[in-house]
Structures are given as structure tokens and as C-alpha cells.
1. Calculated FRET efficiency, Tyr287 and Asn229, Cβ-Cβ r, R0 25 Å, to nearest 0.05?
2. Enumerate the aspartates and glutamates that Lys214 could reach by cross-link, defined here as Cα to Cα under 18 Å, with residues fewer than 8 away along the same chain left out.
3. Hull surface divided by four, with the convex hull built on the Cα atoms of region 168-293: how many nm²?
4. Using a Gaussian network model on the chain with a 10 Å cutoff between Cα atoms, which of Val222, Val168, Val324 fluctuates the most?
5. Suppose R0 equals 41 Å; then what is the FRET efficiency for Arg311 and Met277 from their Cβ-Cβ distance, rounded to the nearest 0.05?
6. Where does the chain land at 222 nm, in deg cm²/dmol rounded to the nearest 500, when only DSSP H runs of n ≥ 4 count, each adding -39500 (n - 2.57), divided by all residues?
7. Please report the Cα spread of the chain along all three principal axes, rounded to whole Å, starting with the longest.
8. Compute the length gained on full extension between Leu53 and Arg107: take 0.36 nm times their separation in residues and subtract their Cα-Cα distance, giving the result in nm to one decimal.
Amino acid sequence: MNAETSDGLCVNFYAPGDVRIEEMKEIPITGEGEVLVKVEACAICGTDVKSFLVGNPRIKPPQVMGHEFCGTIVEIGKGVDNYSIGQRVTMATTIGCGECIYCRKGRTNLCRSAEAMGFHYPGAMGPYIKIPAKAVRQGHLVDVGNLDAVVASLSEPMSCAMNDISRVPIEELKSVLIIGLGPLGLLHAVCLREKGVKNIICVEFPGKRTDMAKEMGFTTLVPDELDDNYKKFTESEGFDLVIVTAPHNASQGKAPAYARKGGYVSLFASLPVKDEMLSISSRTIHYNELILYGTSDSTVKHVEAAVELLRRNPERFKPLITHVMPMSDFHKAMDVIKAGDAVKIVLVP
């Protein structure tokens, strides 16, 4: 297959606002230790949207975008013995060095030398994606079996939610507050429900995502209703876990006020540079003995956990995929996202 021509389209990043739909003129050549995957589906990530609008210092342009993908292995390089042709896979797309203190502990997402598909390496918004040898060697491709490709493309973003909730004793959670109903807020909600949490309250402004949460059976509040109403959902004690998936400074600063004594607070969303300093009540954290934590990205084990949960009940996650479009409609997808009319958009070759 090496050096053959390809008539598939790629989404190529050149600069902020300059993303071009271009043909992949040649199928990538598979070298020693590498794997070639034929892409079946690639979801659009919030990072892709930010990159399109304002750029990203990690991207080496021109670069094929996209990292939330599912595909089939069509070629393996010399020395690869942990994967096989025909295997359907997704990927933990942040790749650690494999040697540092964090990688040795299995926390590859914290590696100071981490590289990512769609940023340091060509991504999956195209007909093929070549997986670098160090990712193959470290087992970053995860088998999805017969899981529908569009649903399987949720594995990578969902793995970030799995990382988050793995930080708390899930069996102790009776009530969870989720502030922000972007794709990751909704993924958190569905994952927690699938894990057995029954009392999940979601906070978001009125709109498509709030409507969707209601249709999926979640209780929702608008932000102005939260202060006056949150106690009635928790016997006046506060929530076992408060998760802020909204990149909103004031919401993160106030989040500990909604947690019960001895509870957990997750600052899941990253705040913009120059707006990252919080005004937060140290007394609330101190006297209520709260555990405040953050999570970033995910590892192979989190992707494996996401795939396991998706395969158990894929129908529960399908409503989150509001649009499926061809790669050539990338710019149309950006317009839909900016208009607030989408949750998760998946591109297909």
C-alpha cells in the first residue's frame, strides 16, 4: 500500500482561520514499528474549534487536524506484534516519552515531553492516519471490536471524563452537580449515570444542550437558579461531587460552596491564559475538608474504560452525536458549532 495515491480529503490547518480541505495525494508510508489506520470517523474536539479560531502553539502547520477517531488497521510496519491488520481501533492520542517519572507511573498524560496526534503528528481528519512507533510500542491503540465507528469516536473525549471520575470513590457518590453542558459536561453526566449515580443535576443556560439533557432524563437548572435551589436536591448538605466543565472563572471559584462536607470538587475545564487565577474561599475548603482537584487529558487505561462503557450500552451515548458530516463540510460544522446548534459533530471520509 505504501506510496499509493489517495483521493480522500483532509482537513489541513495552516493558520488561525486558514483551514483548507485538500486531497491526501499519497497514502502515508508505514515505517518500522508504525501502524497505518484507515479512518472511519473523526469527531470534532473543542480544541479543534479553538485551533481554527485562534490557533494553537502546539500545532506544526500545515497539519492534518483531528484526534477523536475510530478506524481499521490496514498495514503494520516491521516489528509490530501487538496489533493486526483488520483490527478496529481508537486511540489514546497524547503520547508520553515512555521513560520519565510520570510515564513510568502510567500517567503519560502528565509527561513533560508529551506529543499529540493532530498537533505534533498528522491527525485523523482524512482518509488515513499513521500511528508513530512510540505510540504503537506503548499500546496507545485500543480495540473497539464491532462498535459503531461514529459512537467509537467518542472514546477519546469520553476517556477524559473517565480520568476525572476515576479520581473519586465512585461507589460513594450519591449526588453530582455538573456546571456546564458542553460535550464533556454531557459525557460526564451519561458516564456517571451509567456508573450508577442517580442524582445528577446539570447547570447550563437555556438552549439545545439543556433541552437535550432534559430529554435524556437529567434535572437541569439555569445558573441563576443554582444558589437558591441546590440544597433541596441534597437534603441541604451539598453534593458529593461538583464538576465544573465550563471554562468560567467565577463558576470555578464558587464551586466549593456547592459541595457537602468531605466532598469533592473537580476543576475539569481549563481557564484561558491571563484569566486562570481564582478567587476562592479557603475557609470553605478548610472547614468542610473538601478535596479539590484537576484532571487533564487521559491515558490508555482511561480510553479502555471508555470503550468498555460504550460497548456496554452504546444507545445511551448516541444522542450526544447531533451531526454526522463528510470531511469536506468542516467549515459548515464550525458554523453549526458557533451557532450553538451542536453537541458532538462527527466527520466521516
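1. 0.60
2. Glu194, Glu204, Asp224, Glu225, Glu315, Asp341
3. That works out to 7.4 nm², a quarter of the Cα hull's surface.
4. Among Val222, Val168, Val324, the largest mean-square fluctuation in the Gaussian network model of the chain belongs to Val222.
5. The computed FRET efficiency comes out at 0.50.
6. So the helix-based figure for the chain works out to -7000 deg cm²/dmol.
7. Cα spread of the chain along its principal axes, largest to smallest: 65, 42, 40 Å.
8. Contour length minus the Cα-Cα distance gives 16.4 nm.
Here, each number is a calculation from the coordinates, and none is a lab measurement. A quick note: this is a predicted structure, and the numbers were derived from the prediction, not measured. As a convention, Cβ positions derive from the backbone with ideal geometry for all residues, glycine included, and neighbour counts pool all protein chains shown.
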